Structures are given as C-alpha cells and as structure tokens.
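The values are calculated or read from the model by the stated rules, or taken from the named source; none is laboratory data. On a predicted model such as this, the values are computed, not experimentally measured, just so you know. Every residue, glycine among them, receives a Cβ derived from its backbone with ideal geometry; neighbour counts consider all protein chains shown. The area values use the complete protein model at the heavy-atom level, side chains included, leaving out ligands, DNA and RNA. Shrake-Rupley method; radii C 1.70, N 1.55, O 1.52, S 1.80 Å.
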Amino acid sequence: MTDNVTVDLIRLVALRALPAAPTLLKEWLPEGRPNGREWVARNDVRGDRQAGSFGVSLDSGRWNDFADDQAHGGDLVSLLAYLRQCRQVEAAREIDQRLALGLFESSGAPSTPSAQQAESLKAARTKAEENRRRSDAVQQEKQQAATRQAVQLWQRAKPADRLHPYLVAKCVSPLKLRQMSQGKLLVPLCLDGRLVNLQVIDCAGTKRFLSGGRVLGCYSPLGRVIEGSRLYVCEGWATGATLHIHTGHPVVCAMNAGNLRAVALAMRALHGQSVELVIAGDDDRQTRGNPGRTAANRAAFDAGALVVFPEWPQQAPPELSDFNDLHLWRNQLWEAKP
C-alpha cells in the first residue's frame, strides 16, 4: 500500500464526513454550539476556559484557534487528529468506523480505492474546492460589511469616559477609545493603518468583535511610532494601555495570543529595523502549556524581536498573568499601606 493511496483515502474520509459534521462535532466538542455555519467551542487541548476563539466551519471542515497560531487545519480528519493528539490516518480510521464508510479494512488498514471510489474522490475534491471558494467569498463579504459598520460606529461614538467601569477596573485612562451611547467602549482594530473592525467592551467587561470582522493580522495602535523608537506588541488592550502609560513607548495590541505572530511580522515588515520590536507576552502560568508565553516566544523568534514577561514578586498570586494584572496588584498593595 503506497503512501499516496493512504493520503487519498484520508482525503476521501474527510470529504465524506462533511455531511455528518454537525453530528460529529457534537460528539467531539459537546460543550460547543452552532454560530451560523460555524461550530464554536472551548479548545480543551490547550485548556481553554471558555468558548470564543476556537471554531470549525460546518461547510468545509476548516478549523482554527485564534488564540494559538499553530492550531488550525483544513478538514475534519485533521481536527480529530488534533483533538485526539494522534496521526491523521488513525483519526481517519475512527471516522470511517463511526460513519460506516467502509474505506478501511476490518484490520484497520486502508483498502485499495476502487475505480468508483477514485471517481468519487475526484468529484468530492471538486465540490470541496467549490465550497472553499464560496466560503472565502462569503467571508470576504462579511469582513467588508464589518468594516463599514466599524467606521459608522466609530464616527458616531464620543470620547470614552475615564470613569467607565471597565477602565476603572483596569486602572487605565481611556487614551483614544470611544464610547457608544449605551456605555459600550469601542477599541479600534486596524490593518495597514485603516480601521477594519472593533472590539466592543460593555460595563461588565464582556468583549466581542463585530460579527464577521477580520481579526487575524489586525491590531489596536497606541502612540505614534517614530524611527529609532521601541515598539511593544502585546495581547489585550488594557495590557497595551498599561505598557504605553508606564513606558511612554508606542504599543500595538494584537488582542489575543494567536494573533501575536501575525501582528509582529506585520510590524517588522512595516518598520523594518528602524524600531526596536519587543513582544510583551502574557504569562499564563495556570493554563496548560502556557499559551501566552509560548505564543510570545514564537512571535519574537519569527519576527526577530525581543521578548519580555511580567516579573512576578514572590508574593504575587499565581492567577496573575499579564502586565495589567501586575499593575493592579501593585496598586492594591499601595492602597493597603497604612
């Protein structure tokens, strides 16, 4: 049995599994839920605490975790292999047995594709490519609509109130954030210097991006970048505001760990060696695999940047993870002094 035959059978299993995607995803990710044509769930592989960044297309099987730039794939077989932490042929065999596709022998070895199966594979590939093109076109339309909405909301909004509950809780000034009449903060996300999306934060601190808006590669800028300056790249806006206020250096906020690398590479491409690029990473000490530290180190290596993390005093609580957490904790200690 050649490797090419095995690869073709894995692809065929992935394509045949698509109609059963809702059923399979309910079994593999039982705490997830449908959101349009996507299944949104927690990523247990990296110890996700809540859903939001991990999604699977019900049309194409494509999956991605925005909080981990290494967690992505193009079909349901690669997804199951990721979730089970096994080889794709093993994942394909499990799906084959679950759906009774009969593409693998009872021994578990791949069977030689028949002429009919080969033709079916060819037709399925064509259909899958059509689905991908259609999905990409729909995604582009959604991103364009979100950009128009972002511009409209931003233009209507007023400068943020420094006494907004979220800003008070994070102990930072609003800088250039704006606020809607309902009290929701607007954090701008830019791409090539152009507003393309917004992060909306309500008074309880709940965050969401505009539906369909682009996030990967986008960033929220704080301060003006000049030649020879230091430029920080971090995750969340409150962390970025803390860094900008305390250091005076410009900051771009990637919004999550999975976007750090894309933003760092974009900043390196934009500014070259004219800036000292520094990744200010989160230190997710209580999360399996420490995704904040892992993503920051990877972004720094690929972008040729420096990397820094919070330096925790011995008495600092272990649940603290970023520079804003450290800032808040120190403020509490200061206020508690007699």
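Is it possible to state the helix-based mean residue ellipticity at 222 nm for the chain, with each DSSP H run of 4+ residues giving -39500 (n - 2.57), the sum divided by total residues, to the nearest 500 deg cm²/dmol? What is it?
Value at 222 nm, helices only: -13500 deg cm²/dmol.
Enumerate by residue number the GluC sites (Glu not before Pro) in segment 15-94 meeting two conditions: DSSP loop (anything except H, G, I, E, B), and at most 13 other Cβ atoms within 10 Å of the site's Cβ.
Passing sites in segment 15-94 are Glu31.
Run the paramagnetic zone check for Ile245: 7 angstrom along Cα to Cβ, then residues of segment 162-181 with backbone nitrogen under 11 Å.
In segment 162-181, the label zone of Ile245 (backbone N under 11 Å from the point 7 Å along Cα→Cβ) covers 162-163, 167-175.
How much net charge surrounds Ala238 when only other residues with a Cβ under 11 Å from its Cβ are counted (Lys, Arg +1; Asp, Glu -1)?
Here the count lands on -1.
For segment 210-244, which trypsin sites (Lys or Arg not before Pro) pass both filters: DSSP loop (anything but H, G, I, E, B) and at most 10 other C-beta atoms within 10 Å?
The qualifying sites are Arg224.
List the aspartates and glutamates whose Cα sits under 16 Å from the Cα of Lys158, skipping any in the same chain fewer than 8 residues away.
Qualifying aspartates and glutamates at Cα under 16 Å: Asp202.
In whole percent, how big is the carbon plus sulfur part of the accessible area of the chain, probe 1.4 Å, protein atoms only?
The nonpolar share, carbon plus sulfur, comes to 49 percent.
Taking θ as phi - 60°, what are the ³J(HN,Hα) couplings along segment 158-174 by the Karplus curve (6.51, -1.76, 1.60), each to the nearest whole Hz, with x for Gly and Pro?
Whole-Hz 3J(HN,Hα) from phi for segment 158-174: 10, x, 5, 6, 5, 9, 4, x, 5, 5, 5, 5, 8, 6, 9, 7, x.
Could you compute the net charge surrounding Lys207? Neighbours are other residues with a C-beta less than 13 Å from the C-beta of Lys207; K and R count +1, D and E count -1.
+1
Fully extended, how many nm does the chain gain between Asp202 and Val45 (0.36 nm per residue separation, minus their Cα-Cα distance)?
Computed gain between Asp202 and Val45 is 53.6 nm.
Take segment 144-206, compute every pairwise Cα distance, and split them into 5 Å bins from 0; I just need the percent in each bin.
Going out from 0 Å in 5 Å bins, segment 144-206 shows 4, 20, 29, 23, 15, 8, 1 percent.
What is the distance, in nm, between label points placed 7 Å from the Cα along the Cα-to-Cβ direction at Arg87 and at Glu227?
My value for the distance between the label points is 5.5 nm.
Under the definition of Cα pairs under 8 Å and six or more residues apart, what whole-number percent is the relative contact order of the chain?
Dividing the mean separation by the residue count of the chain yields 12 percent.
Nothing charged except the Cβ atoms of Lys and Arg (+1) and of Asp and Glu (-1): what's the magnitude of the dipole of the chain about its Cα centre? Round to the nearest 20 debye. Please report the intermediate quantities before stating the final value.
On the way: 42 positive and 36 negative charges, 214 e Å.
For this selection, approximately 1020 debye.
Need the list of lysines near Lys26 for cross-linking: C-alpha distance under 30 angstrom, and skip anything on the same chain fewer than eight residues off.
Straight-distance partners of Lys26: Lys122, Lys127, Lys142, Lys207.
Provide the per residue accessible area, probe 1.4 Å, for the chain, rounded to a whole number of square angstrom.
Values: 17760 Å² over 338 residues.
In whole numbers, the chain has 53 Å² accessible per residue.
How far apart, in nm, are two points set 7 Å out from the Cα along the Cα-to-Cβ line at Lys158 and at Val138?
Calculated label separation equals 4.0 nm.
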